[in-house]
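Please read the structure below before turning to the comments.
The values are calculated or read from the model by the stated rules, or taken from the named source; none is laboratory data. Note that this is a predicted model, so its numbers are computed, not measured. Here the Cβ positions follow ideal geometry from the backbone for every residue, glycine too, while neighbour counts run over all protein chains shown.
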Amino acid sequence: MDLLWEHPGDLQQDQRVAHVARTLSLPPAIATVLVGNGVGSPDEVEAFFNPGLDQLIDPKRFRDMEKALDCLMDALMSRRRIAVYGDYDVDGVTSVALLYLFLKDVGGDVVTHIPVRSSEGYGLSIDGVENLRAQGVSVLITVDTGITALEEIAHARDLGLEVIICDHHQPSAMLPCATAILNPKLPEEPYPFKDLAAVGVTFKLCQALVERLDIDMATLDAYLDLVAIGSAADIVPLVGENRSLMSRGLAKINEEPMVGVAALLQVAGLMRRDVEVSSIVFGLAPRINAVGRLGSADRAVKLLCTKNRDTAAEIAQVLESENCQRKTIDHDTLDEAMAEVPRVCDLEHDRIIVLARQGWHSGVIGIVASRIIERYHRPTVMITIDDEGMGKGSARSIAGFDIYEALHQSSDLLVQFGGHKYAAGLTIRAEKVPELRERLRHWTSTRLDNDDLKARLRIDAEISLRAINRGFLEHIQRFAPFGPRNQVPHFLSRDLHVLGQPRVVGSGHIFLRVEQEGLEFDAIGYGLGHLLEGLEEEGRGVDMVFSVVENNWRGSCCIQLQVKDVCRTGRRRMVVRDAGRQAE
């Protein structure tokens, strides 16, 4: 795949960089990374480097928060039954578990429901609403779903239910007739931070209830593992409130995890490791997702809510088993999809991939779509067709392209759709798929150019090796937790001298030692053994993009460069990052 290096241009000449570096005594490269990430003043830098719950926004700034509180307080005081209804992904599961535990802890009569993907489909349903009403529910709270469920919520209101929506998906032109809607993406919503996951929105409701009930705010600490897991799994930007919540949530997971979380850490092999955002994304989230993809996500809710260690261990093993099964299905589906790509796509001209086939498992097509993007770097839509000719699809996108907007332009072909800028779901009749493919081809042809279809490697600052020392590494470590819009900083150094012969080690990793101005560092690039060709000729300089890490090996500790890409000097094409892409 072609790779472009995205350089910040003349950002290091920005007056804000000089001001931040001078005021806080930071290396210029560190100040450049901060400003490039949108942290542009000394006060913002101080807050960024010291995230905490004291930085949380007043939850009552949600325009409907008082309505939601009045409704819930009345239900709690009168002991009316409350139902929490969520989605079956990690964000939905953690949102359900969080709100269930909190409402139970403050004396609520609470039940939960997450639809079974294979039999009930996505989102709120008429049958689900009627079943909850039959159980004596009088207040329905939807989490990570509901914002487009106009008919279902109208039916719930007709049955006498009060409805509170806690969601973060894009709303449609019309809003449901709910008692209260908490969604930072509503038009003209005054709540200033727009990037909360659903579990973050749910946490804000709990925060507001704590204030209304005059409970110690420290009570909320017990639920922060769930907020961290749901937020990390939903790939939200780790800035603003998300950074504060993630920082405290990771500390909770590492210091005193909930019983269910501890059991999950155990089966994932993470119990005695330092859990980071990546540990959640690649270790915990797939196991929680697996039971929702292949069966009932209620089991994951039970795991996260139980306080019994034996029960937690038993359910965690079920999640582990189903995750192994999910991997097998993933692998088989990916093989079939990759074989389908050249049959239905003209990769010389098509700027989107739309695949449809009968029999694919609806629970894995989103994962497979992401894998196809890794290979072809094009927005991808995967659709599975059932025996009745109905297709369920998952769409994934690339940086700079809004897949939700693209689907919206073809909404007349869809039974329903919903989601985000970079991930969406849809339902479509099988006979409409060819027309959808053609429309999306046309839409992307006018909005994506050839450079957009090339993977980009972000460079945060250019440095010489002389800038790298123990203090520099300590500054970088303060950027954690790392994630979207706060990635591990990547640095570019030009015209480095390679000492000796670079070589391939382990399972295809490149290892080399580089020197500049008398300063030497070891460098390793995981999975980059294919870059060895072209670097073997001695006496020629290389340009290298890398992160700066601490390497601990057999009791010794040293600074190491982790290679992201390396080439002979001047061989890689470089583009200046535009403001829109920088904001992403």
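Taken over the range 425-455, the residue count meeting the criterion of being among the hydroxyl-bearing types (Ser, Thr, Tyr) and part of a helix (DSSP H, G or I) is 2. When Ala312, Ala339, Ala356 are checked against the criterion of being of a type in the set (Gly, Ala, Ser) and surrounded by fewer than 15 Cβ atoms within 10 Å (Cβ to Cβ), Ala339 stands alone in meeting it. Using the structure shown, decide if Val33 is crowded, with 22+ Cβ neighbours inside 10 Å, in contact with a strand residue (DSSP E or B) (Cβ under 7 Å, 6 or more places away or on another chain), under 22 Å from Val210 (Cα atoms) and of a type outside the set (S, T, N, Q). Considered against the rule, which asks whether it is crowded, with 22+ Cβ neighbours inside 10 Å, in contact with a strand residue (DSSP E or B) (Cβ under 7 Å, 6 or more places away or on another chain), under 22 Å from Val210 (Cα atoms) and of a type outside the set (S, T, N, Q), Val33 comes out as no. Among the residues of the range 6-15, those identified as assigned to a helix (DSSP H, G or I) and either closer than 28 Å to Asp565 by Cβ or among the acidic types (Asp, Glu) (or both) are Leu11, Gln12, Gln13. Screening the candidates Leu238, Leu226, Leu250, Leu264 for the property of being outside any helix (DSSP H, G or I) and either in contact with a Ser or Thr (Cβ under 6 Å, 6 or more places away or on another chain) or buried (at least 23 other Cβ atoms within 10 Å of the Cβ) (or both) yields one hit, Leu238. Quick check: is even one residue across the range 74-92 in contact (Cβ under 8 Å) with a residue 60 or more places away in the chain and either surrounded by fewer than 16 Cβ atoms within 10 Å (Cβ to Cβ) or more than 30 Å from Ala290 (Cβ to Cβ) (or both)? Looking through the range 74-92, at least one residue is in contact (Cβ under 8 Å) with a residue 60 or more places away in the chain and either surrounded by fewer than 16 Cβ atoms within 10 Å (Cβ to Cβ) or more than 30 Å from Ala290 (Cβ to Cβ) (or both). Only one entry of Gly483, Gly525 meets the criterion of being modelled with pLDDT under 95 and not hydrophobic (A, V, I, L, M, F, W, C), and that entry is Gly483. Would you confirm whether or not the range 417-424 contains a residue that is crowded, with 19+ Cβ neighbours inside 10 Å, in a helix (DSSP H, G or I) and outside the structural domain of Asp167 (by TED's automatic domain parsing)? Checked the range 417-424: no residue is crowded, with 19+ Cβ neighbours inside 10 Å, in a helix (DSSP H, G or I) and outside the structural domain of Asp167 (by TED's automatic domain parsing).
So which of Ser370, Ser362 is modelled with pLDDT under 95, surrounded by 20 or more Cβ atoms within 10 Å (Cβ to Cβ) and not charged (D, E, K, R)? Matching residue, one of Ser370, Ser362: Ser362.
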